[in-house]
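The values are calculated or read from the model by the stated rules, or taken from the named source; none is laboratory data. Here the structure is a predicted model, which is why all the values come from computation and not from measurement. Here the Cβ positions follow ideal geometry from the backbone for every residue, glycine too, while neighbour counts run over all protein chains shown. Surface accessibility is based on the protein's heavy atoms, side chains included, excluding ligands, DNA and RNA. Shrake-Rupley method; radii C 1.70, N 1.55, O 1.52, S 1.80 Å.
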Amino acid sequence: ERAAWIRAAADALDAARDELVPIADEETRLGTARLTGEVARTTAQLRLFADAILEGSYLEATIDHPDPTTIPPRPDLRRVLRPLGPVAVFGASNFPFAFSVAGGDTASALAAGCPVIVKGHPAHPRLSARTAEIVAGALVGAGAPDGVFAHVTGHETGVALVQHPEVRAVGFTGSLGGGRALFDLAQQRPDPIPFYGELSAVNPVLITPAALEARADELAAGLAGSFTLGAGQFCTNPGVVLVPAGSDFGERVAAALDAASAGPAPMLTDGIAGAFASGIAGLAGRDGVDVVVGDPTAQRPGTGEPVVLSTTSAAVIADPGALLHECFGPSTLLIEYADLADALAAVRAVGGSLTATVHAQPGDELAPIVEVLSEVAGRVLFAGWPTGVAVSWAQQHGGPWPSTTSIHTSVGVTAMRRFLRPIAFQDAPDAALPPELRDGNPLGLPRRIDGTLVLPQGVPGRRPAAG
C-alpha cells in the first residue's frame, strides 16, 4: 500500500510537470531544461523508494532461534526496523524539486513509513505550495490517511516543528549557520531527536603531477565546467583544488572559462548572490590569496560571476578556518602544493566534505591518497568531477562535520535508515510478532536467520528493486 501511495505521488508530479516547471523557473532562475530534468530525477527517486519498500531488505529482519549451547544461552530473538514517527523536512533552495517538498528526505521518510511535515523554502514559496497540494492530493487519492503529508511555511513555524514533541526526527539541507541553530534546538529538547542536516562542504580535488602533465587542458576544462554549473550552487561544488606548485593550471582554467564564455549567471535569490559576493571578496582579501580569474569585489546584484583564487598549502595549513569556508557560488580556490605529503596535509586541514576527488595516472601511488580522502569525505571519486549525485542503492551523500551532522546518506535507498529504529522481540509467540518476523514469512522478505541470509523464492506479486 505504501509503495502504491509513493508511486501515485510520482505519477501526479510527472503529470503536472508543465505547470510546475514555469513556476520553478520564475522563482529560482534555474532554467527550464535543468528544472525539467530535476522533475524527472525527483519522480524516479520516488519510484526507486517504492521498489525498495517491496524488496524489503531495508527492514533488516533478523531471526536468531533459541540455542541453549551458547554462553549465555540464547533465547528466541527477532529484530526488525520500524518507523520513528512524524518527520519534519526542511526544503532546500538550490534543488526546488529533488531536495525540497517531494525530494529525497520526504521520499525516504514516507518510504520508511513516517508521516512528513515539510517546511517550504522561502526561495520558491509558490512552487512549494503547489507541489505540496499535488503530492497531498495524490497520496490521499491513492488511499493514504489524511495527515500522512503536510506543508507549512515561516521561520517560527520551522522552529516550532523542531521543538514539537510529536516530531521524532528532522531532515535539513541548507546553510551551516541555519542548520547548526536547528541542530542545537533538536538536541536541547527534553527528548533530543535525530537531526539529519546537510550543511557545508568544499569538496577537495587533488590533481597529481602526472595527471597534470598528461591532461592539463582536459582537467582545466572539466573544473571550469564543474564549479560554474548552475552558477556554482551545488552542494558538491569543487571548492578547493590542489595542484602542483609552479604549474600554469590557473591560466589554463582561465582560458577554459573564456572558451566557454562563462560570464555572470543568475543566482537563486538576491540574498544568496549577496552572500556569495561578500564571501568571495572576503576570501580574496586574505593574506596569501591571489586572484586568478574574475573580480571578487565587482559582483553584479543577483548574479554570480566566476572567480578563481589561488593560495599555497602552507597558508591553508596555517589558517584553515579563514581559507576553507564554503563560498556558495561559482568559485574555486587553487591550492599549490610542493609534494604529496604537503598536499595530503592540506586535505586533512579541509575537514569534512561530501566528496573528495583524485585525478591520477597509472603508476601513481594511490593508497596514501585514498586513505586521507576517505577520512574527510563520504564519497571518493577517481577522475570525473563531483557535481552530480546519482540516486542508487550504493550512493553515500554525507560526510564528516561540517558537511553533515550524521553518518547516514541523504541520497539513495539507504537514506531510509535515518527514519527507522530497531526493535527486538524475545521469546514472543508467533501471533504477537509483526508480520516481518513471523515464522511463515508472510511478506516474503529477505531475512537473516541464525546468521545466514535467506532470500525468498517465488513470492507472488514480488517486484524487483530498481537500480
Inset, instruction - Sort out which residues of region 193-227 are open to solvent by less than 20 Å² (accessible area, probe 1.4 Å) and among the aromatic types (Phe, Trp, Tyr), and write them in order of number. - result: Phe195, Phe227
Legend entry - Selection from region 80-117 of residues that are open to solvent by 10 Å² or more (accessible area, probe 1.4 Å), assigned to a strand (DSSP E or B) and touching a helix residue (DSSP H, G or I) at 6+ places or on another chain (Cβ under 7 Å): Pro83, Phe90, Ile117
Inset, instruction - For region 263-285, indicate whether the set of residues that are open to solvent by 60 Å² or more (accessible area, probe 1.4 Å), touching a residue at least 40 places away in the same chain (Cβ under 8 Å) and of a type outside the set (A, V, I, L, M) is non-empty. - result: yes
Legend entry - Close pairs (7 angstrom Cβ cut-off, 6 or more residues apart or separate chains): polar (S, T, N, Q) in region 437-454, at pLDDT below 95 anywhere: Asn441/Pro456
Inset, instruction - Please work out if Leu206 is assigned to a helix (DSSP H, G or I), within 15 Å of Ile335 (Cα to Cα), touching a residue at least 24 places away in the same chain (Cβ under 8 Å) and under 27 Å from the mean Cα position of the chain (by Cα). - result: no
Inset, instruction - Name the one entry in Arg447, Arg421, Arg462 that is at pLDDT below 95 and over 30 Å from Glu326 (Cα atoms). - result: Arg462
Legend entry - Scan of region 137-167 for residues that are closer than 19 Å to Ser100 by Cα and touching a residue at least 40 places away in the same chain (Cβ under 8 Å), ordered by number: Gly137, Ala138, Leu139, Val148, Phe149, His151, Gly158, Leu161, Val162, Val167
Inset, instruction - Determine, yes or no, whether Gly179 is at positive phi and either in contact (Cβ under 8 Å) with a residue 12 or more places away in the chain or hydrophobic (A, V, I, L, M, F, W, C) (or both). - result: no
Legend entry - Candidates Val140, Val101, Val162, filtered to the one that is over 12 Å from Ala9 (Cα atoms) and among the hydrophobic types (A, V, I, L, M, F, W, C): Val162
Inset, instruction - Looking only at region 1-25, count how many residues are open to solvent by 10 Å² or more (accessible area, probe 1.4 Å), part of a helix (DSSP H, G or I) and touching a residue at least 40 places away in the same chain (Cβ under 8 Å). - result: 9
Inset, instruction - Exactly one condition in (1) open to solvent by 10 Å² or more (accessible area, probe 1.4 Å); (2) in contact with a strand residue (DSSP E or B) (Cβ under 7 Å, 6 or more places away or on another chain); (3) farther than 19 Å from Ala415 by Cα is not met by Ile63; state its number. - result: (1)
Inset, instruction - Within region 392-450, work out how many residues are farther than 19 Å from Phe195 by Cα and either in a loop (DSSP other than H, G, I, E, B) or open to solvent by 60 Å² or more (accessible area, probe 1.4 Å) (or both). - result: 25
Inset, instruction - Filter region 26-42 down to residues that are touching a residue at least 40 places away in the same chain (Cβ under 8 Å) and among the polar types (S, T, N, Q) and give me whichever is surrounded by the fewest Cβ atoms within 10 Å (Cβ to Cβ). - result: Thr28
Inset, instruction - Determine the pairs where a residue that is within 14 Å of Gln45 (Cα to Cα), located within region 392-403, has a partner that is assigned to a loop (DSSP other than H, G, I, E, B) and open to solvent by 10 Å² or more (accessible area, probe 1.4 Å) with Cβ atoms under 6 Å apart, the partner being 6 or more residues away or on another chain. - result: Ser392/Gly467; Trp393/Gly467
Inset, instruction - Report yes if Leu334 is farther than 30 Å from Asn94 by Cα, in the same structural domain as Gln233 (by the TED database) and at pLDDT 95 or above, otherwise no. - result: no
Inset, instruction - Go through region 303-330 and give me each residue that's open to solvent by 10 Å² or more (accessible area, probe 1.4 Å) and either in contact (Cβ under 8 Å) with a residue 60 or more places away in the chain or of a type in the set (Ser, Thr, Tyr) (or both). - result: Thr303, Ser310, Thr312, Leu324, His325, Glu326, Cys327, Phe328
Inset, instruction - Please enumerate the residues belonging to region 118-135 that are aliphatic (A, V, I, L, M) and surrounded by fewer than 21 Cβ atoms within 10 Å (Cβ to Cβ). - result: Ala123, Ala129, Ile134
Inset, instruction - Determine which member of the set Ala343, Ala415, Ala424, Ala367 is in the same structural domain as Val87 (by the TED database) and of a type in the set (Gly, Ala, Ser). - result: Ala415
Inset, instruction - Would you mind stating whether Asp364 is over 24 Å from the mean Cα position of the chain (by Cα) and open to solvent by 50 Å² or more (accessible area, probe 1.4 Å)? - result: no
Legend entry - Identity of the residue in region 161-182, open to solvent by 50 Å² or more (accessible area, probe 1.4 Å) and not in a loop (DSSP other than H, G, I, E, B), that ends up farthest from Ala92 (Cα to Cα): Gln163
